[in-house]
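Note sheet for the following structure.
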Amino acid sequence: MTTLSVFDQSQPATAHTVTDNPSEIRDLLAQHGVRFEQWPTRDLPADASPEDILAAYQDEISTLKAENGFQTADVISLNPDNPQKEAFRQKFLDEHTHSEDEVRFFVRGQGLFYLHFGNQVLAVLCQKNDLISVPNGTRHWFDMGPEPAFTCVRLFTNPEGWVADFTGEDIAGRLPRYEALAGAVE
C-alpha cells in the first residue's frame, strides 16, 4: 500500500504524520511541487523486456514527454537475486539533487523516496501503479530495501540519464530505512 510518512528533521526516529490515502498523499506532495498520481498498469509477463514495457506504456510516456520536454525513457528493474543489489542500494541512499525532474512510474514492486524540504522529510513508499515526479533541485534519496523487487519506467530530459549531485549531508542516515517503513505497512 502506498504510504506517506512525514518526519521532522529534529526528531527523525518517528513520523508525526502517516497516511495511505492517495488523495491526501497527492495533496501533501503537491504543496512541495511533487507530482503524484496512480495510473493503471498493464498485465505483462514477469519476464517482459524493457522494450515490451516501454511499448505497453507508450501513450503515457508520450504524454509525459510532450508535457515536460523529456527526451528519453528507459526501464530499471531489480530483483532480490541480483548479485549487485547492495551496491545498487548504496548508490541511491545518500541525499542528492538533480538538475532535472526525477520521474518514476512503478510497473512492479515498490521503493521508498525520501524528499527533504526545510525541516521536514517526506517518505513516500511508492508501489505498483504510482507515478512520482520529484522537481529538479529537490534534496532526496531512494531506498529500494535489502531485497529489491521493482520495475520502473524512468524519464529524462538529459539523454545521459541519471546524474546526481550529492549534498554531503548525513540526514539520510538518521531516518528509518526501508525495512522499518515498508515493514510497518505490509
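Observations
- Relative contact order (%) - segment 47-186, alpha-carbon pairs under 8 angstrom, separation at least six: 33
- Extension gain from residue 157 to residue 31, taking 0.36 nm per residue of separation minus the Cα-Cα distance: 43.0 nm
- Spacing of the modelled spin labels on residue 62 and residue 42, each 7 Å from Cα toward Cβ, amounts to 1.2 nm.
- Modelled this way, with points 7 Å down the Cα-to-C-beta line, the labels at residue 164 and residue 49 are 3.0 nm from one another.
- Cα centroid separation, segment 86-138 to segment 11-53 (Å): 10
- Gyration tensor verdict on segment 86-175 (Cα atoms; rounded if a/c is under 1.5, prolate if a/b is larger than b/c, oblate otherwise): rounded
- Computed helical MRE - 222 nm, the chain, DSSP H runs ≥ 4 contributing -39500 (n - 2.57), nearest 500: -6500 deg cm²/dmol
- Prolate/oblate/rounded label for segment 1-78 (Cα gyration tensor, a/c 1.5): prolate
- For segment 61-73, 3J(HN,Hα) computed residue by residue from phi via the Karplus equation (6.51, -1.76, 1.60; θ = phi - 60°) reads 4, 4, 4, 4, 4, 5, 5, 10, x, 5, 9, 9, 9 Hz, glycine and proline entered as x.
Laboratory data are not the source of any read-out in this text; all were calculated from the coordinates shown. In this text, all values refer to a predicted model and were calculated from it rather than measured experimentally. Every residue, glycine as well, gets a Cβ built from its backbone with ideal geometry; the counts of neighbours run over all protein chains shown.
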